[in-house]
Every structure is written in structure tokens, then in C-alpha cells.
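Take a look at the structure below.
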């Protein structure tokens, strides 16, 4: 178990550029989540996938944000036409939906990608 | 709508002293509650979780939390704090779309 990995760890970009972040979940986990964390705040949920299906995307911050998980393994989060307000830590988490009647999902987080928009 | 409030932004305790971090939640049904810890440069690490059953939950690193439905609280405790416990602590509620509190930063004095 190598944990959740994210790439890159840091990204500096100029306003108006597009950026893409990658997340590799724990290998046996079928659910994958994206969060944003700004300074002094807790993580804010953006979207999540079960396998390749995106089950919730209404909380994506704007139509500039999109996420994919084409083969149900790794996922990418893209931000188009970045703005200075997009500067934040972007966190990925994964979990395994247990088949037991009682929910036992627990999200395990990656180290995050810190985005700075100049 | 589900939400979490952590009333204390910053807490300072002496090493060896006891610790209690407060968490109040708002949730329409039986809540799924979590405490995570985040150290500088580290990812969020799960300390403990409550889904159902015994309201006193034991976690890693000597932490425990008690679910009190009547008070809508899920406070985190540790009987004796170590300097390594200095970090940011987050309470969260929900499952698929977890809501996090703003966090409590813990400073440990020698």
C-alpha cells in the first residue's frame, strides 16, 4: 500500500493559463475525491468518482473546473483560464466502498498539489 | 445542510497536559464523524471516526473522541499531549462529500 499520490506537488502558473493535476489513488480503492483547501480553512469538497463515473460535480467551483477518471484508476483535475483566486492546495483522497450493509468508507488523503497563480 | 464548527482557532497546551478540541456539527440524520490531523507539509491523516455504536471512539496516537447527540458534539481528547502532537486538527462530517471545520491549530509548549 503506497498511499495516495499526487503530481505535481507544486505548480506555479500565470493567470489565464490552464493547469492539470493528477491523482493516483490507493490501488484497491474504487472511490476518488477532490478537495480544495485555502489558507486557514478546512478542505472544501469539489467532486468524486466511483470507478469511472463522476457521481457528484455540482460543487465544482465554476465551469472552469473539470475532472476525469477515464479508466477508473487515476484522475485528473483541470482548471482552465486560471485566476489568482484559484491559488490553493488541491487535495485528492480515495476510499473503498465496503459491500457490507453498514457504511465503512474512510477517505485517505494524498499530500496535495499547491497551486500558485501569479 | 451539514456543517461543522470548530470554535477554537488556536489552542496552546503544555507538554504532558490534557487536551480537548471542540467540534459541533449540524447534520440531518445519523452523522458520520471524523477527526483528521494535518502537519506542515503532510497530508491529512485520519485519527478516528464514528459511524455508530459505542459513543466513545478510540483512535491512533492515543486520541479518543466522544459523540454526544444531545449536544451535537464530537470532541477530541488526549490525556497527555506530546510535542509531536503540534499540528492542525480538523473535524469533518459526512461521507461522500465531507464537510470540514476550519480547523484548530495546536501549539505545544515545552
(message) Could you tell me the relative contact order of the stretch B:39-89? Use alpha-carbon pairs under 8 Å, at least six residues apart, and round to a whole percent.
(response) 27 percent
(request) Which order do the peptides B:54-67, A:24-37, A:55-68 take when ranked by the mean count of other beta-carbon atoms within 10 Å per residue, highest first? (result) A:24-37, B:54-67, A:55-68
(request) Any chance you could get the radius of gyration and Dmax over the Cα atoms of chain B, in Å? (result) 13.2, 42
(message) Sorting check: for B:3-10, B:87-94, which peptide has the highest mean count of neighbouring beta carbons within 10 Å, and how do the rest follow?
(response) B:87-94, B:3-10
(request) At 0.36 nm per residue, minus the direct Cα-Cα distance, what do residue A:51 and residue A:118 gain on full extension? Give it in nm, one decimal, please. (result) 20.7 nm
(request) Determine the shielding of peptide B:26-37 by partner chains: average, over its residues, the number of Cβ atoms on other chains within 10 angstrom of each Cβ. (result) 1
(request) Could you work out, residue by residue across A:74-84, how many beta carbons of other chains sit within 10 Å of that residue's beta carbon, and then give the average as an integer? (result) 0
(message) Within the stretch B:73-97, list the residues whose amide N lies under 20 Å from a label point set 7 Å along Cα→Cβ of residue B:58.
(response) B:75-82
(request) Find the relative contact order for chain A and round it to a whole percent, using C-alpha pairs within less than 8 Å whose residues are 6+ positions apart. (result) 35 percent
(request) Mind checking the full-extension length gain between residue A:96 and residue A:62? Use 0.36 nm per residue of separation minus the Cα-Cα distance, one decimal, nm. (result) 9.5 nm
(message) Tell me the relative contact order for chain B as a rounded percent, counting alpha carbon contacts under 8 Å between residues six or more apart.
(response) 38 percent
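Laboratory data are not the source of any read-out in this text; all were calculated from the coordinates shown. None of these values were measured; they are calculated from a predicted model. Note that each Cβ is placed from the backbone with ideal geometry, even for glycine, and that neighbours are counted across all protein chains shown.
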